[in-house]
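Written out below as structure tokens is the structure these notes cover.
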Amino acid sequence: EAQTLVSTIDKALGFRSITEEEYPPELSPLPLPQSPANSMATRLVISEPNEENGNAASYVTLQSLSEDPKEHVMIELISAIVAEPFYEDLRTRQQLGYIVSSGIRPVGKTKTLGFIVQSSTAKTEKLTKEILKYLDKIRS
């Protein structure tokens, strides 16, 4: 019965294998504008359409445009070193959010290191400030 259903869908939609030339190009990272030292990073703010939603979130990303495997290993190492202390500081000690996480995301042949906090008790500005304060602390 399932095989008949799949066959019917296949005939109706006309699925076919694509050739290598038809594969879409790999996603390429777009460089974010560099922020001058001692200034606020580039920000993208998205408004919540539901005014009754008391949740807030902040996502800070550190972008690397390098395709060098050695630099990818370094970013993975940095991620492994900072992940637990980031959670311990912002989630356990400060109790800023119910989601506190950091990690690596591949973008094409590059990597980004992201830090996210989602909260029902703190505003976006506070979350962003605390993420940046944490990053400043580990940098020095």
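Laboratory data are not the source of any read-out in this text; all were calculated from the coordinates shown. What you are looking at is a predicted structure, and each value in this text was computed from that prediction instead of being measured. Every residue, glycine among them, receives a Cβ derived from its backbone with ideal geometry; neighbour counts consider all protein chains shown.
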Mean-square fluctuation maximum in Gaussian network of the chain, Cα pairs under 10 Å, restricted to S17, S101, S79, hits S17
By a straight-distance test (C-alpha under 20 Å), which lysines pair with K137 as possible cross-link partners, with residues fewer than eight away in the same chain excluded?
K126, K129
Please determine, in degrees from 0 to 90 and to the nearest 10, the orientation of helix 2-13 with respect to the longest principal axis defined by the Cα atoms of the chain, where the helix direction is its Cα long axis.
90
Using the alpha carbon gyration tensor of the chain, what are the three equivalent-ellipsoid semi-axes (square root of 5 times each eigenvalue), largest first, in whole Å?
37, 23, 16
For the chain, set up a GNM with springs between Cα atoms under 10 Å and report which of T124, T112, T19 has the largest fluctuation.
T19
Based on the Cβ-Cβ distance from L77 to L32, what FRET efficiency comes out when R0 is 35 Å, to the nearest 0.05?
0.95
Which of the aspartates and glutamates could be linked to K109 by a straight reach, that is with a Cα gap under 16 Å, when you skip same-chain ones fewer than 8 residues away?
E26, E67, D68, E71, E76
For K133, counting only lysines whose alpha-carbon sits under 18 Å away and dropping same-chain residues fewer than eight positions off, the answer is K123
Residue-wise HN-Hα coupling along the range 80-95, computed from phi with Karplus coefficients 6.51, -1.76, 1.60 (Hz; x: Gly, Pro)
5, 6, 8, 4, 5, x, 4, 4, 4, 6, 7, 8, 6, 6, 8, 6
For the range 77-126, what is the Kirkwood hydrodynamic radius in Å, using each pair of distinct C-alpha atoms?
11.7
Rounded to the nearest 10, the angle in degrees between the Cα long axis of helix 124-139 and the longest principal axis of the Cα atoms of the chain comes to 80
Please give the charge dipole size of the range 68-113, origin at the Cα centre, charges +1 on K and R Cβ atoms and -1 on D and E Cβ atoms. Round to the nearest 20 debye.
160
Taking only the alpha-carbon atoms of the range 42-89, the convex hull volume per residue, in cubic angstrom, is 111
Compute the relative contact order of the chain as a whole-number percentage, counting only Cα pairs closer than 8 Å that sit 6 or more residues apart in sequence.
27
